[in-house]
Amino acid sequence: MGEAAAASSLPADAPTDISAGQPVAASAPSQTGVPAGRLTGATPGLIGGVPGGVRPGPSAEPLRGIGVSPGFAAGPVCRAGDAPRMPSPRVVDDVEAELAGAAAALREVAAELGRRAEATRDATAAEILRAQVLMAEDPVLDEAVADAIRAGSDAPHAIDAAFAVHRQAFLDAGGYLAERVADLDDLRDRAVAVSSGAPMPGIPSPDHPFVLVATDLAPADTAGLDPARVLALVTEAGGPTSHTAILARSLGIPAVVRCGGAAGLRDGMVVAVDGAAGTVRVGVDEATVADTRRREQERRARAAASSGPGRTADGWSVELLANVGSAADPVAGAEGVGLFRTELLYLDRAQAPSHDEQVEAYAAVFDALGGRKVVVRTLDAGADKPLPFLEQSGEPNPALGVRGVRLARRDPGLLDGQLAAIAAAAARTGATAWVMAPMIATPAEARDFVARARAAGLASAGVMVEIPAAALRVRALLREVEFLSIGTNDLSQYTFAADRMAGDLAELLDPWQPALLDLVAMCARAGRAAGKPVGICGEAAADPGLAPVFAGLGISSLSMPAHAIPAVRDALAAHTREACERLATAVLSAEDPTAARAAAG
Amino acid sequence: MPSRTVTVGSRTGLHARPAALFVAAAGSAPLPVKINVAGRKPVPANSMLSVLSLGAKCGTEVTITAEGDGADVVLDDLAALLARDLDAEEGGSDG
């Protein structure tokens with residue numbers, strides 16, 4: 001969990017170094033002779049085959065991806081130089097010359113990456129680069145290229161075909177190898193460029209700080225990154241364990257990966273990146289840039305200063321927990337994990353992860369928490385977050401379809417297998433593991449889930465409250481479970497019948513909406529009466545303004561990205577329990593979000 | 001043909017750094033070495049791409065084979081390398 005180490009290895013002001021006088025939307029960056037266009041059509045299924053040209057307006061909803069390295073940054077976009085376009089096939093007259101050209105191209109790529117490995121001071125990056133050098137020098141690859149040329153191909157197509165075989169093998173293997181596909185594509189793009197007489201692709205080097213946007217970043221690109229210039233990383237592809245993610249964390253640069261909307265970002269657009277929430281706001285103004293910079297400075301100052309459990313001024317406890325997706329996510333300052341999202345383990349998989357693989361992933365998080373509580377949410381996938389191995393037919397409205405715990409209706413083995421793996425990991429590590437099911441609508445569903453959890457050997461089983469039906473029948477629900485966790489994002493979406501992705505409806509999804517807070521209050525009250533914990537794990541939990549309100553309602557824990565904890569801790573400490581209760585009463589009697597905020601202020 | 005079957009000792013499996021060290025060692029051996037996991041075709045041990053594609057994890061059994069003078073010495077050295085936790089050496093990476 002190297003967040004603290006990563007942050008301390010960095011000059012405090014480095015990633016936010018936007019000098020006030022500098023026009024942030026300055027001219028397009030000087031890309032060093034990089035040809036445009038990716039190898040379109042050359043490799044079916046090429047990552048990032050997202051059509052470009054989508055330009056979200058300034059007032060649109062932020063683009064969403066997976067936040068993999070926390071922090072706030074804002075500045076102008078520079079896109080990484082895309083790969084060369086594949087030249088048209090040509091008839092080879094001189095086979096020997098073609099063979100020599102292909103071999104020389106691969107040698108040159110290996111040499112260039114070797115030089116980068118020597119030049120970087122980042123040990124992780126150097127290692128990745130040295131592995132890439134070995135791939136470029138691979139005798140099996142060499143032979144495949146030579147065979148293709150002897151069969152009549154030109155050097156660029158021979159190189160592309162030889163890499164395609166290994167690319168497919170990596171994709172088929174899934175997991176770690178599938179995420180190494182970016183390394184292979186980088187090698188291929190470089191070798192194709194050199195063998196067709198083009199310069200090697202690379203990243204931009206404008207003379208001002210920038211937000212680097214790319215389809216995906218190769219280790220060769222990220223190794224050369226200067227954290228004083230690169231404000232944030234945003235990629236369309238990649239995953240939490242991709243190089244982009246690992247290196248961004250090790251350099252302390254905010255990063256968002258798997259951000260599909262990033263395809264529409266163009267050089268010079270000014271964006272604001274939240275590397276924990278995984279959002280990219282497009283077309284922000286100078287005031288927002290300045291505000292983002294200030295938030296980042298405050299975040300760093302707070303993270304350095306604040307510590308300890310969540311308490312009101314008079315010592316009433318509200319647990320402060322972290323939301324994580326893997327052991328790589330930070331948990332510094334958290335009293336435990338209130339939401340361990342397990343979807344990441346299942347993404348991009350041809351099959352469900354094996355029992356052993358799941359146990360390893362869960363145990364890694366349990367180990368990182370060293371005995372602190374971890375609430376594991378069982379798989380929350382569905383037609384809205386599709387998984388290849390779950391044969392899901394199209395649903396007219398995926399958000400209202402078979403998702404979350406509803407998947408167990410079709411495939412109970414998937415849920416039971418996951419519960420067994422969580423139990424095995426808990427037993428191995430001695431962890432305090434709680435489990436909860438997403439998308440519970442009725443007490444009967446909760447009863448079924450709890451029975452399955454207990455059968456797996458997991459005593460602390462609860463459910464999420466995301467569906468208004470669950471909140472309305474919360475007393476009956478509490479008879480079935482040990483605890484509740486309110487997912488405010490989905491609870492808003494379902495209460496207000498407003499799609500979370502619909503930017504035009506954003507004000508309905510405001511967590512200060514009195515109807516949402518009424519449902520939260522019902523759950524908290526019922527939880528106190530039943531003597532069972534009721535926590536919050538949606539975006540609202542990270543709102544320092546709402547923290548004392550939730551405390552006053554009787555919410556027992558708030559779970560959020562770890563970076564948000566210090567501000568929430570401070571907000572709680574500024575109020576006594578009685579003051580929190582007064583605030584809660586005032587907010588609940590407000591007519592709308594504006595009045596609610598005013599009542600709390 | 002002389003062979004050694006050994007359990008991969010590196011905690012991240014035969015990936016990244018451990019794979020690079022093994023491939024480099026196999027590449028500098030005086031005779032060709034092949035490696036396979038149960039049920040799969042042997043691949044050249046000096047091929048990084050082929051070795052990675054084995055997908056050998058920590059605890060996976062792999063078999064290395066070689067033929068010719070000095071094969072036993074070469075295989076003993078490579079088997080010892082595979083059995084070590086190469087991630088634990090020289091600090092490793094924090095991926």
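The values are calculated or read from the model by the stated rules, or taken from the named source; none is laboratory data. Keep in mind that this is a model prediction, so the values were computed, not measured. Cβ: placed from backbone, ideal geometry, glycine included. Neighbour counts: every protein chain shown. Side chains are part of the model used for accessible areas, which takes the heavy atoms of the whole protein and leaves out ligands, DNA and RNA. Shrake-Rupley method; radii C 1.70, N 1.55, O 1.52, S 1.80 Å.
Would you confirm whether any residue within the range B:58-77 is open to solvent by 50 Å² or more (accessible area, probe 1.4 Å) and closer than 21 Å to residue A:187 by Cα? Checked against the condition, which is being open to solvent by 50 Å² or more (accessible area, probe 1.4 Å) and closer than 21 Å to residue A:187 by Cα, the range B:58-77 yields no hits at all. Condition (residue is basic (Lys, Arg) and open to solvent by less than 30 Å² (accessible area, probe 1.4 Å)) applied to the range A:297-310: is it met by at least one residue? Yes - at least one qualifying residue is present in the range A:297-310. Got at least one residue in the range A:164-173 being more than 11 Å from every other protein chain (Cβ to nearest Cβ), assigned to a helix (DSSP H, G or I), in contact (Cβ under 8 Å) with a residue 40 or more places away in the chain and open to solvent by less than 50 Å² (accessible area, probe 1.4 Å)? Looking through the range A:164-173, at least one residue is more than 11 Å from every other protein chain (Cβ to nearest Cβ), assigned to a helix (DSSP H, G or I), in contact (Cβ under 8 Å) with a residue 40 or more places away in the chain and open to solvent by less than 50 Å² (accessible area, probe 1.4 Å). For the range A:341-362, the tally of residues that are crowded, with 21+ Cβ neighbours inside 10 Å and either modelled with pLDDT of 95 or more or assigned to a helix (DSSP H, G or I) (or both) stands at 4.
Residue-wise test of (1) assigned by TED's automatic domain parsing to the domain that holds residue A:579; (2) open to solvent by 50 Å² or more (accessible area, probe 1.4 Å); (3) assigned to a loop (DSSP other than H, G, I, E, B); (4) over 25 Å from residue A:425 (Cβ atoms).
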position: A:273; (1), (2), (3), (4): no, no, no, yes
position: A:277; (1), (2), (3), (4): no, no, yes, yes
position: A:281; (1), (2), (3), (4): no, yes, no, yes
position: A:294; (1), (2), (3), (4): no, yes, no, yes
position: A:326; (1), (2), (3), (4): yes, no, yes, no
position: A:337; (1), (2), (3), (4): yes, no, no, no
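Beta carbons closer than 8 Å, at least 6 apart along the sequence or on distinct chains, pair a first residue in the range A:519-548 that is without any contact (Cβ under 8 Å) to a residue 60 or more places away in the chain with a second that is assigned to a helix (DSSP H, G or I) and acidic (Asp, Glu) for A:538/A:490; A:544/A:570. Residues that are away from every other protein chain (no Cβ under 13 Å) and not charged (D, E, K, R) within the range A:174-196 comprise A:182, A:191, A:192, A:193, A:194, A:195, A:196, listed in sequence order.
Beta carbons closer than 9 Å, at least 6 apart along the sequence or on distinct chains, pair a first residue in the range A:122-140 that is in the same structural domain as residue A:103 (by TED's automatic domain parsing) with a second that is open to solvent by less than 10 Å² (accessible area, probe 1.4 Å) and among the acidic types (Asp, Glu) for A:128/A:183; A:131/A:183; A:132/A:183; A:135/A:183. A single entry from A:301, A:214 fulfils the requirement of being at pLDDT below 85 and either out of contact with any strand residue (DSSP E or B) (no Cβ under 7 Å at 6 or more places or on another chain) or within 30 Å of residue A:105 (Cα to Cα) (or both): A:301.
Here residue B:10 meets each of (1) within 15 Å of residue B:86 (Cα to Cα); (2) under 10 Å from the mean Cα position of the chain (by Cα); (3) surrounded by 23 or more Cβ atoms within 10 Å (Cβ to Cβ) with one exception, condition (2). All of A:136, A:151, A:123 fail the test of being within 14 Å of another protein chain (Cβ to nearest Cβ), surrounded by fewer than 18 Cβ atoms within 10 Å (Cβ to Cβ) and among the hydrophobic types (A, V, I, L, M, F, W, C), apart from A:123. Residue pairs whose Cβ atoms lie under 6 Å apart, sitting 6 or more positions apart in sequence or on different chains, and linking a residue in the range A:348-361 that is within 16 Å of residue A:415 (Cα to Cα) to a partner that is at pLDDT 95 or above and of a type in the set (A, V, I, L, M), are A:355/A:421; A:358/A:421; A:359/A:421; A:359/A:424; A:359/A:425. Being more than 26 Å from residue A:397 (Cα to Cα), in contact (Cβ under 8 Å) with a residue 24 or more places away in the chain and either in the same structural domain as residue A:420 (by TED's automatic domain parsing) or surrounded by fewer than 22 Cβ atoms within 10 Å (Cβ to Cβ) (or both) holds for only one residue in A:451, A:476, A:470, and it is A:476.
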